[in-house]
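Here the structure comes first, spelled out in structure tokens, and everything after it is commentary.
The values are calculated or read from the model by the stated rules, or taken from the named source; none is laboratory data. All figures in this text were calculated on a predicted structure; none of them were measured in a lab. Here the Cβ positions follow ideal geometry from the backbone for every residue, glycine too, while neighbour counts run over all protein chains shown.
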Amino acid sequence: MNSIVEGKVRLYLQQVLGYDQVQAGTILHCMRNLGRCAGFDVDARLGQAGMAAGPEGRIASAIIDRALIGGKPESTDYQIRTQIETWLRTTAPTAE
């Protein structure tokens, strides 16, 4: 776990995408689980993984890449928001 990257992702989720603290914790929990399934952690390597992390992992990768000011727009804002809403709907709230 890279706490600096997680902090940047949390700030991106809260300040840019407009989610509250509990929702950001839930999204990070889902991203952490997806990263583990793909063999990564929530760090810059998962941000570079793209499709190597799977379809949902691609969205997690895009969120990390955008939070770290990456340059490849492989997922649209609509795809990211749709996946985040699915995560929030299917995962119990986690205020980490």
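Does Asp65 count as in contact with a helix residue (DSSP H, G or I) (Cβ under 9 Å, 6 or more places away or on another chain), at pLDDT below 85 and surrounded by 15 or more Cβ atoms within 10 Å (Cβ to Cβ)? Criteria not met by Asp65. Kindly indicate whether any position in region 29-50 is among the aliphatic types (A, V, I, L, M), farther than 17 Å from Asn2 by Cα and either loosely packed, with under 13 Cβ neighbours inside 10 Å or modelled with pLDDT of 75 or more (or both). No, every residue in region 29-50 fails to be among the aliphatic types (A, V, I, L, M), farther than 17 Å from Asn2 by Cα and either loosely packed, with under 13 Cβ neighbours inside 10 Å or modelled with pLDDT of 75 or more (or both). Contact annotation: residue pairs with Cβ atoms under 7 Å, 6 or more positions apart or on different chains, pairing a residue in region 37-52 that is under 14 Å from Ser75 (Cβ atoms) with a partner that is modelled with pLDDT under 70, are Leu46/Ala53. Candidates in region 76-96 are the residues that are of a type outside the set (A, V, I, L, M, F, W, C), in contact (Cβ under 8 Å) with a residue 12 or more places away in the chain and in a helix (DSSP H, G or I); of these, the one that is farthest from Gly25 (Cα to Cα) is Gln79.
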